[in-house]
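Enquirer: Below is a structure I'd like to ask you about.
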Amino acid sequence: SMGVSSGSAAVHQPIGTRIVEKGLLFSPRTWWGLALFQATSPFRPLRLDVFLQSLVAIATTLVLSLFSPRRLLLAAVLSPWSLGLLATSVIPTMVSFASGFANLTQNRIPPLPSAISTLQERIESGRAYRYRRYDVYLPPKEELTTTLGGVDPQRQHEQTESPSSPSLLFFFPGMLVHHTAYSEVASKLSDHGILVVVLSMEPIRLGVFGGLGASPKRLRKILRQLGDTVVGMTSDSKFALGGHSLGAFTAMKLASQEDDELMKPSHLFLWGASPNFESVHTDISSTSVPCLLVQASKDNLCTPSSKDVLQRFHDRLPKSTTVFHNIFGGAHHQFGSYAEPEDVRYGGVPEIDTAKFHDKLCHVTSKFLLRSSKQDRRR
């Protein structure tokens, strides 16, 4: 359960949330995921082989300190090999790693006040609730003919699920963006009769990389938890995957999982996915999942650097089931509700009101998710 402070600047998290998030900072999986990010980052690359070499050197020193006489340990540490490795590999790698981590934590993106208010209002009206690591947005109870009409936390109604539509959708936030920043679009999608789960990517907010919050195991756990509060929801319920920016690539990566039949999505939607960041693209061209790619015409971050780059990105999407949609005048940050970046290269200058952009975005997305699977889809 959770409480909402009256007139406060933020929605209270469930008890223990901050402790859990701080604990995740010390998880080996988190640090490995951060290393993977820096190894593929176009902004601050880190050589993964050098990073691993540094870890081996540190581990070797620790083992020697436990099982070797002090003289032998001192000789090993002060040997030319050790000093050379320390100067050329370990120290520069650790400095780069720490610098990258500091850069990520200093540039975290908070939600706008309107997003915080929207989540508060939805919780107070019974249309949303918050777990430690995700938020749930519920459809209206009277929406009995859509995917999750009849959702009731008290389990008083029966679910009437469309045979071709997902029971819910999992949404992944953009890089460094707090998940509350997507409360307004999630609320609008839920108004169309879709149950929406917006995942928290704490503590680093980089879900696409291993150990940083996005995995089939985590989605399976959430499905089990939802089964306790949502009528008709089971661990094998159909679901859609979607996300914004880096979150879109998180969804692509999860959609490519072929070893778990129950965890394959029924639909996939990608908002503001940049063709330029090829290092985080996943090839899902061999899948037949219905896929929607929505771009904004003024999104500088997603403007392809060349025609070849754009073509390679499109070639990685499902060949016969991908739908493309462009919203005129929109910018990158308008897919959520957070402040416009100071550097226009990372967002662009919008020519459309954010509320109107959200309406268009959620209309085309909900139409894609709820339509019959027998309808023709265009490439």
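Enquirer: Within the range 233-327, what whole-number % of the accessible surface is contributed by carbon and sulfur, with the 1.4 Å probe and all protein chains included in the calculation?
Expert: Solvent-exposed carbon and sulfur of the range 233-327 make up 48 percent of the total.
Enquirer: Among 195-207, 318-330, how do they line up from the highest to the lowest mean number of other beta-carbon atoms within 10 Å?
Expert: Result, highest mean first: 195-207, 318-330.
Enquirer: To the nearest 0.05, what FRET efficiency results for Thr229 and Asp191 with a Förster distance of 30 Å applied to their C-beta separation?
Expert: So, using R0 = 30 Å, E works out to roughly 0.95.
Enquirer: Next question. Please compute the Kirkwood hydrodynamic radius over the range 278-379, one decimal place, Å, based on all pairs of different Cα atoms.
Expert: With all distinct Cα pairs of the range 278-379 included, I get 14.9 Å.
Enquirer: What does the extension gain come out to for Asn276 and Lys141, with contour length at 0.36 nm per residue minus their alpha carbon separation?
Expert: Extending this stretch completely gives an extra 44.4 nm.
Enquirer: Here's another thing I want to ask about it. Could I have the simple spin-label model distance between Glu351 and Ser285, label points 7 Å from Cα toward Cβ, reported in nm to one decimal?
Expert: Label-label distance for Glu351 and Ser285, simple model: 3.3 nm.
Enquirer: Continuing with the same structure: Given a Förster radius of 22 Å and the C-beta distance between Ser256 and Arg371 as r, what FRET efficiency does 1/(1 + (r/R0)^6) yield to the nearest 0.05? Present the calculation step by step, with values, prior to reporting the outcome.
Expert: Working: r = 24 Å, r/R0 = 1.08.
E(calc), rounded to 0.05, equals 0.40.
Enquirer: Shifting gears a bit: Around Arg122, what is the net charge, scoring Lys/Arg as +1 and Asp/Glu as -1 over all other residues with Cβ under 12 Å from its Cβ?
Expert: Value of the local net charge: -2.
Enquirer: At Asn326 and His314, where each label point lies 7 Å from the Cα along Cα→Cβ, what is the point-to-point distance in nanometres?
Expert: Output for this residue pair reads 1.0 nm.
The values are calculated or read from the model by the stated rules, or taken from the named source; none is laboratory data. Quick caveat, the model's predicted, so the values are computed rather than measured. With ideal geometry, Cβ positions are generated from the backbone for all residues, glycine too; neighbour counts draw on all protein chains shown. Just so you know, the surface numbers come from the protein's heavy atoms only, side chains and all, with ligands and any DNA or RNA stripped out. Shrake-Rupley method; radii C 1.70, N 1.55, O 1.52, S 1.80 Å.
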